[in-house]
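Below is one structure, written out as structure tokens; comments come after it.
The values are calculated or read from the model by the stated rules, or taken from the named source; none is laboratory data. Remember, predicted model here, so these are calculated numbers, not experimental data. Neighbour counts run over all protein chains shown; Cβ positions are idealised from the backbone, glycine included. In case anyone asks, the SASA skips ligands and DNA or RNA and just uses the protein heavy atoms, side chains included. Shrake-Rupley method; radii C 1.70, N 1.55, O 1.52, S 1.80 Å.
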Amino acid sequence: MKHRSRILFVLAAALSASVQTYAQYPAKAVRLVVPFPPGGGTDTLARVYGQKLGEALGQQVVIDNRPGGGTNIGAEIAAKAPPDGYTALMGNIAHAINVTLYSKLSYDLVRDFAPVTLLASTPNILVVHPSIPVRSVKELIVLAKAKPGELDYASSGSGSSAHLAAELFSSMAGIKMTHIPYKGGGPAVIALAGGQVSVGFATTPSVIGHVKAGKLRGLAVTTAQRSPSTPDLPTISESGLAGYEAGTWYGLLVPAAAPKEVVTRLHGESVKLLKQSDVKDRLDAAGFELIGNTPEQFATFIRSEIEKWARVVKASGARAE
């Protein structure tokens, strides 16, 4: 009886210590893994969000850019990190695409991560370098059909939203363009603006400045409705490819075994900061549409995105190893 009492005492003490530990969370800096290099849409959001989250938590949020492997390097690092709440992943649509695009992954998006919240979404913008003599989606399709395979398009990597958006566009338009993958949205946009590549389906935050400055010509947005940040740009669907729709989303994930108290804290602080006027103003101007749903809703969304993009990947024949 005394032995049993001692066991219960030890368990109770351990539970109390655990609760106390996470009641004080975080006690040190939090690492936010961004699976892209600086300069793209994911990195832009991470830096604004990370700064404000750090202020809310009372600890620094350190942005850890880990590009490569079509976002899989960063995802693997985060998935295998200690599940103590001190490492998080800035998840992206590419992670849902990769489930089907890659024949083998070293992590499981559903099993190895606990969703915290879907932070934001953004349209991609179909852009061309000003040297390309087209000013509409229809003119681009006509040119591509006249020069099959001669037009090239930049993407932030194989399996990225830019890659699949272009593949979907090419399939629906009946054209052939050459894919030039880069290690992130930043390098892809630099190549576009420099004229090394002709066409791109880049995230709004990464190209909106170049479009407004005239360094790139925006033709249309990839979402079903026009974007508030670029109201003058039509959708691809209304520009001649009826039913076309693609976009990019970003969300916070932590290792699956992270304590529920950590997920609850991160979710609560994230939703609050997304409603702050200075955050909304900065991210609205960059082309983000802020969301902030529940962990359960985000989990359901991730599963639906895996299913949706599996159909697109299989139809396109795209494959990566």
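Looking only at the range 24-71, residues that are under 20 Å from Leu273 (Cα atoms), touching an Asp or Glu at 6+ places or on another chain (Cβ under 9 Å), open to solvent by 10 Å² or more (accessible area, probe 1.4 Å) and outside any strand (DSSP E or B) come to 3 in all. If I ask for residues that are open to solvent by less than 10 Å² (accessible area, probe 1.4 Å), within 17 Å of the chain's Cα centre (by Cα) and farther than 20 Å from Ala246 by Cα, which ones from the range 114-137 would you list? Matches in the range 114-137: Val116, Thr117. Restricting to the range 220-237, and then to whatever is open to solvent by less than 10 Å² (accessible area, probe 1.4 Å) and among the hydroxyl-bearing types (Ser, Thr, Tyr), can you tell me which residue is modelled with the lowest pLDDT? Taking the candidates together, the pick is Ser227.
Can you pull out the residues in the range 14-23 that are among the aliphatic types (A, V, I, L, M) and either out of contact with any Asp or Glu (no Cβ under 9 Å at 6 or more places or on another chain) or modelled with pLDDT of 95 or more (or both)?
Initially, the range 14-23 is screened for residues among the aliphatic types (A, V, I, L, M), giving 14-15, 17, 19, 23.
Selection gives Ala14, Leu15, Ala17.
Pick out the one residue from Lys183, Lys176, Lys145 that is free of Cβ contacts under 8 Å to residues at least 40 places away in the same chain and in contact with a Pro (Cβ under 8 Å, 6 or more places away or on another chain). One residue alone meets the criteria, Lys176. Across the range 238-251, what is the total count of residues that are small (Gly, Ala, Ser), more than 22 Å from Pro130 (Cα to Cα) and open to solvent by 30 Å² or more (accessible area, probe 1.4 Å)? Selection size over the range 238-251: 2. Being hydroxyl-bearing (Ser, Thr, Tyr), touching a Phe, Trp or Tyr at 6+ places or on another chain (Cβ under 9 Å) and open to solvent by less than 40 Å² (accessible area, probe 1.4 Å) is true of Thr100.
Taking (1) at pLDDT 95 or above; (2) within 24 Å of Lys272 (Cβ to Cβ) in turn, Ser121 satisfies each apart from (1).
So is Gly287 under 28 Å from Ile208 (Cβ atoms), modelled with pLDDT under 95 and either small (Gly, Ala, Ser) or not in a loop (DSSP other than H, G, I, E, B) (or both) or not? Yes.
Mind checking whether some residue in the range 80-89 is open to solvent by less than 40 Å² (accessible area, probe 1.4 Å), modelled with pLDDT of 95 or more and under 12 Å from the mean Cα position of the chain (by Cα)? Yes. I'd like the full set of residues that are open to solvent by 20 Å² or more (accessible area, probe 1.4 Å) and small (Gly, Ala, Ser), limited to the range 204-217. Selection gives Gly209, Ala213, Gly214. Taking the criterion of being of a type outside the set (Asp, Glu) and either out of contact with any Pro (no Cβ under 9 Å at 6 or more places or on another chain) or not in a loop (DSSP other than H, G, I, E, B) (or both), the residues of the range 72-87 that qualify are Asn72, Ile73, Gly74, Ala75, Ile77, Ala78, Ala79, Thr87. Taking every residue in the range 70-99 that is within 21 Å of Ser270 (Cβ to Cβ) and pairing it with any residue that is modelled with pLDDT of 95 or more and among the hydroxyl-bearing types (Ser, Thr, Tyr), at least 6 positions away or on another chain, the pairs with Cβ-Cβ distances below 7 Å are Ala75/Tyr107; Ala78/Thr87; Ala79/Tyr107; Ala81/Thr87; Gly85/Tyr25; Met90/Tyr250; Gly91/Tyr250; Asn92/Tyr250. Answer yes or no as to whether Ala258 is in contact with a strand residue (DSSP E or B) (Cβ under 7 Å, 6 or more places away or on another chain), assigned to a helix (DSSP H, G or I) and small (Gly, Ala, Ser). No.
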